């Protein structure tokens with residue numbers, strides 16, 4: 001059985017409705033190209049709706065094919081609303097004349113889909129029935145620019161393990177001044193730690209299966225950090241950040257400036273492919289652990305906090321030995337105070353009590369928790385204000401942006417409509433439990449109402 005499995009997926013996102021130059025027919029373009037891809041001899045994990053499953057098994061055998069039914073609505077998840085907000089914002093699409101009419105600018109589902117590919121690859125790792133050692137995403141329409149003979153005749157996929165031991169992108173040189181696929185250029189450089197001169201292609205990427213989860217986590221982190229700041233390109237913009245920022249995990253094969261990835265497969269066929277990694281920039285080199293803080297947010301569960309600390313002890317006690325450690329205790333149950341205090345003393349955490357800031361408020365509080373006055377003042381300027389204020393945490397002074405905490409919270413609420421950053425929570429613990437109890441009861445009733453039992457006795 002092959003060590004390598006290809007992962008793909010196909011949905012009709014109505015690209016045929018776009019203006020000339022951007023439109024492509026699902027029936028006349030994507031489906032025929034997808035059928036060509038289905039001829040590859042390698043194992044395939046395929047995502048799609050039920051109608052696609054019939055197409056798949058009219059061509060392939062179940063022995064080398066795993067179909068995972070997933071409707072298009074699956075992509076209307078965590079980042080969906082923010083993507084729609086950004087793509088409809090004139091400040092975003094006016095960065096460049098082509099953006100408004102582009103696929104990511106015009107189609108509701110384009111970016112949710114293409115930016116969701118790494119998550120699909122990670123799901124493929126979880127559900128993989130082939131016990132694969134390497135997983136690679138391949139676009140369903142890739143044979144539009146890459147001859148299918150590379151896969152069916154030259155069998156280039158089987159050569160990948162000879163060259164790749166990291167998560168690998170196919171990257172092309174890109175000269176930018178204002179944006180990369182809609183992601184502002186100065187800001188993408190800031191996230192990458194250096195000027196971005198290579199863009200990772202989204203049509204084919206992957207590597208060792210045991211690195212897929214690391215890839216998923218790093219990708220999610222940079223996706224979340226950028227989208228919440230109103231920054232968006234496509235998945236390729238985020239691949240470029242990862243390529244520069246995490247060269248210990250990501251490698252690349254460079255192709256020509258036209259961006260056509262057939263060169264990679266031609267080089268693979270001829271055994272001339274060259275796999276590279278970016279040099280770790282100064283900004284990304286290991287830093288002094290004493291300048292690193294570990295923050296844990298907790299709520300009414302000392303046992304859970306203790307379990308986390310025990311896992312640190314078991315798997316990597318450097319998390320406990322090296323950095324400063326803080327516990328942001330959101331607990332409303334005062335009966336847990338003594339147990340938390342004892343655990344903080346045992347494991348060296350400094351406890352911060354601010355009533356219940358909630359998840360969003362807690363994360364934001366931590367993000368603005370600075371060791372110096374200068375850092376806090378600089379952050380205030382970034383947020384459109386000035387000044388700093390201090391908090392005492394177990395005898396240690398920490399600095400936060402703006403002259404007062406009230407002013408700081410008002411700015412956060414202005415920048416994040418709908419999120420309450422007050423230092424109390426309007427939902428009491430008992431109310432939460434009652435609401436949860438009702439949800440569970442409702443769900444059980446639903447399940448019982450839809451479950452049939454067959455007793456063979």
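Just so you know, in the stretch 156-179 the residues that are part of a loop (DSSP other than H, G, I, E, B) and exposed (fewer than 15 other Cβ atoms within 10 Å of the Cβ) include one that is modelled with the lowest pLDDT, and it is 177.
Are any residues in the stretch 307-350 under 31 Å from the mean Cα position of the chain (by Cα), modelled with pLDDT of 90 or more and over 23 Å from residue 365 (Cβ atoms), and if so, which ones? Within the stretch 307-350, 307, 310 qualify.
In the stretch 93-125, of all residues being assigned to a helix (DSSP H, G or I) and at pLDDT below 95, the one that is nearest to residue 184 (Cα to Cα) corresponds to 93. Within the stretch 50-63, the residues that satisfy the criterion of being in contact (Cβ under 8 Å) with a residue 24 or more places away in the chain and either surrounded by 15 or more Cβ atoms within 10 Å (Cβ to Cβ) or under 15 Å from residue 120 (Cβ atoms) (or both) are 52, 55. Looking only at residues of the stretch 135-150 that are in contact with a helix residue (DSSP H, G or I) (Cβ under 6 Å, 6 or more places away or on another chain) and in a strand (DSSP E or B), we find that the one that is surrounded by the most Cβ atoms within 10 Å (Cβ to Cβ) is 135. Go through the residues of the stretch 210-222 one by one and say whether even a single one is buried (at least 21 other Cβ atoms within 10 Å of the Cβ), part of a strand (DSSP E or B) and touching a residue at least 12 places away in the same chain (Cβ under 8 Å). There is no residue in the stretch 210-222 that is buried (at least 21 other Cβ atoms within 10 Å of the Cβ), part of a strand (DSSP E or B) and touching a residue at least 12 places away in the same chain (Cβ under 8 Å). Before we move on, is residue 188 closer than 21 Å to residue 92 by Cβ and either part of a strand (DSSP E or B) or under 18 Å from the mean Cα position of the chain (by Cα) (or both)? The answer is yes for residue 188.
Residue by residue through the stretch 58-73, note down the ones that are within 31 Å of the chain's Cα centre (by Cα) and not in a loop (DSSP other than H, G, I, E, B). Result: 62, 64, 65, 66, 67, 68, 69, 72, 73. For the stretch 5-49, the set of residues classified as under 27 Å from the mean Cα position of the chain (by Cα), surrounded by fewer than 20 Cβ atoms within 10 Å (Cβ to Cβ) and either part of a helix (DSSP H, G or I) or not assigned by TED's automatic domain parsing to the domain that holds residue 211 (or both) consists of 15 only.
The values are calculated or read from the model by the stated rules, or taken from the named source; none is laboratory data. Predicted model only: the values in this text are computed from it and were never measured. Positions of Cβ are generated from backbone atoms using ideal geometry, with glycine treated the same way; all protein chains shown enter the neighbour counts.
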